[in-house]
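Below: the structure, in structure tokens.
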Amino acid sequence: MSRSPDGRPGGATPRRRTVLLGLTAGAATALTTGLPLARAADAPYEPVLYWSKILEGAVKATGGAPGPAARAAAIMHLAMYDAANSLVPIGRPYLAKQPVLGTASLNAAIATAAYTALRALYPSGSFDGNYGFALSQDTSSQTDKDKGAAVGRGAAQALVQARANDGEATTVTYIPDGVPGSWRTTGSGPAVTPHWGGVKPFAESSTPGQFRPGPPGGFATYQDLLRSSQYAEQLQEVRVFGGHSSTAQTTVVRTPEQSDIGRFWANDLDGTYKPTSQLYQHTRIIARKRTLTPTQNARLFAVLSIALADAAVAAWDAKYNTPIDLWRPVSAINRADEDGNPATTPDPAWRPLSSGLDGSSYTPAFPAYVSGHATFAGAWGSVLRTYFATDDIAFSATTDGGTATRRFNTLSAAVDENAISRIYLGVHYRWDAEQGLVTGENVARHVTATYL
């Protein structure tokens with residue numbers, strides 16, 4: 001860990017998550033133009049859902065780590081919420097209500113809040129066409145549009161200013177621990193965003209590391225962890241379920257459907273919409289099925305955005321700010337002769353199912369424990385279960401690019417599949433997934449009990 005400075009409805013206790021496997025069962029590009037209006041968002045037009053979709057395009061165009069994408073989403077969605085809440089009573093303001101005299105356009109307030117936030121967050125982008133399209137959907141008088149725009153502009157500027165010194169731009173030089181079991185590069189570059197666990201949360205937090213889980217398996221040292229039977233079992237599980245193909249030492253037993261699950265939830269590479277944007281996409285699908293109003297959407301997406309942004313902080317705190325910065329499965333399997341555990345055997349030819357655009361092996365460039373995907377999934381499921389007061393929400397969704405569709409009968413089914421997909425992809429262990437889910441649920445429970 002060496003480095004230089006830098007829920008369920010009704011508030012039930014989070015259940016221990018056991019994720020079941022079952023044997024049968026691009027490079028970043030500059031954002032220089034607005035998105036094509038005809039395909040910029042799901043029809044029909046609804047302001048919160050429209051701008052959430054526009055943000056997805058910005059994330060895909062710029063790339064980067066999950067934490068910054070989650071932070072940007074929170075700033076934009078909270079700006080839209082505070083703008084809407086200034087005109088129509090929804091709940092407690094996140095920062096403050098903006099002043100307004102008389103009537104004002106709700107659509108113009110929401111659109112201007114999103115537009116102003118996105119211009120600050122993605123200064124190389126052009127969202128003018130999207131903004132013009134959003135305002136063209138408004139039948140209010142020009143006076144009411146102008147007053148709504150002033151409200152939205154003020155809400156966004158307040159959010160951007162409030163987050164100006166939140167630690168997102170902190171520079172940290174990460175120094176790997178350099179012992180067996182500790183993270184080392186997997187060919188995907190140096191450690192990414194090692195400072196993110198120190199970014200200021202969006203929800204009120206009592207102490208740094210408030211939601212930090214215990215160490216993997218409860219082991220406090222690398223040596224104790226690596227020599228345990230639990231470690232050997234988890235390593236073997238990801239070896240046989242997460243390999244790209246069979247080798248002389250390992251036979252892959254993953255089914256075609258499990259391979260599809262791994263790829264469906266991947267979204268690690270630049271050029272994809274990243275794990276949080278996928279969850280926002282699923283939320284938009286559910287919001288449309290439930291025919292939520294703009295103010296209901298503003299509230300739902302605001303709460304969700306806090307939870308996802310703070311889930312990123314909690315996950316990266318566990319990855320980098322604890323005694324064990326756990327190596328990824330590809331390192332553990334290739335170098336099993338270094339772990340001191342007689343129950344593991346090295347397989348230098350083993351590669352994960354996860355791959356880059358050119359087909360080469362790809363593992364995200366940060367420690368394994370806990371899984372960011374699982375932490376985001378746990379937070380997402382908890383927020384939606386609390387908001388809708390049920391887990392029984394069925395929906396279908398396509399993955400990024402529309403290449404595959406999966407159907408889920410409950411929110412929990414989607415949450416658990418998201419978490420387990422990381423084992424099928426060969427980039428995480430079981431405890432990464434299980435403790436990530438619990439961490440995300442704990443974050444979300446705190447958020448839903450505290451905000452809005």
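The values are calculated or read from the model by the stated rules, or taken from the named source; none is laboratory data. Predicted model, so just to flag it, every value in this text is computed and none were measured. Glycine also receives a Cβ, built like all others from the backbone with ideal geometry; neighbour counts cover every protein chain displayed. Ligands, DNA and RNA are excluded from the accessible area calculation, which covers all protein heavy atoms including side chains. Shrake-Rupley method; radii C 1.70, N 1.55, O 1.52, S 1.80 Å.
Computed quantities for the displayed model
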quantity: Relative contact order [Cα under 8 Å, 6+ residues apart], the range 186-258, whole percent; calculated: 14 percent
quantity: Reduced Cα scattering model of the range 380-452, Debye log10 I(q)/I(0), q = 0.16, 0.17 Å⁻¹; calculated: -0.68, -0.75
quantity: Fraction in percent of alpha-carbon pairs per bin - 10 Å, the range 68-188; calculated: 13, 37, 24, 11, 9, 5, 1
quantity: 3J(HN,Hα) from dihedral phi, the range 253-266, Karplus parametrisation 6.51/-1.76/1.60, rounded to Hz, x for glycine, proline; calculated: 10, 5, 7, x, 5, 5, 5, 4, 5, x, 6, 4, 9, 4
quantity: For the chain: accessible area per residue (Å², 1.4 Å); calculated: 38 Å²
quantity: More than 31 angstrom apart: percent of Cα pairs within the chain; calculated: 39 percent
quantity: Positive minus negative residues near Tyr115 (Lys, Arg vs Asp, Glu; Cβ under 11 Å); calculated: +1
quantity: Listed residues Ile393, Ile90 arranged by accessible area, highest first, probe 1.4 Å; calculated: Ile90, Ile393
quantity: Relative contact order [Cα under 8 Å, 6+ residues apart], the range 194-342, whole percent; calculated: 48 percent
quantity: The range 356-364 - phi-based ³J(HN,Hα) in whole Hz, Karplus 6.51/-1.76/1.60, Gly and Pro as x; calculated: x, 5, 8, x, 6, 4, 9, 10, x
quantity: Spin-label model distance (nm) - Thr170 vs Ala394, 7 Å beyond Cα toward Cβ; calculated: 4.7 nm
quantity: Extended-chain gain in nm, criterion 0.36 nm per residue less alpha-carbon gap, Arg92 and Tyr45; calculated: 14.3 nm
quantity: Residue-averaged [θ]222 nm for the chain, counting only DSSP H segments that reach four residues, each worth -39500 (n - 2.57); calculated: -15500 deg cm²/dmol
quantity: More than 18 Å apart - percent of Cα-Cα pairs taken over the range 167-230; calculated: 57 percent
quantity: Rounded, prolate or oblate (a/c below 1.5 giving rounded, otherwise prolate when a/b exceeds b/c) for the range 312-452 by Cα gyration tensor; calculated: oblate
quantity: As computed over the range 113-180, the Cα convex hull volume per residue (Å³); calculated: 133 Å³
quantity: Apportionment of accessible area to carbon and sulfur, the chain, percent (1.4 Å); calculated: 53 percent
quantity: Neighbourhood charge, 14 Å Cβ-Cβ cut-off, centred on Ala298 and excluding it, Lys, Arg +1 and Asp, Glu -1; calculated: +2
quantity: Convex hull volume per residue in cubic angstrom - Cα atoms of the range 311-394; calculated: 163 Å³
quantity: Where a label projected 7 Å from the Cα of Thr143 along Cα→Cβ would reach, residues of the range 84-107 with amide N under 14 Å; calculated: 101-105
quantity: The range 278-314 versus the range 336-396: alpha-carbon centroid distance in Å; calculated: 22 Å
quantity: Semi-axes of the equivalent ellipsoid for the range 137-282, Cα gyration tensor, largest first, Å; calculated: 43, 25, 14
quantity: Distant-in-sequence amide H partners of Tyr369 (H built 1.01 Å from N, under 5 Å); calculated: Leu326
quantity: Largest-first principal axis extents of the Cα set of the range 209-318 (Å); calculated: 55, 38, 25
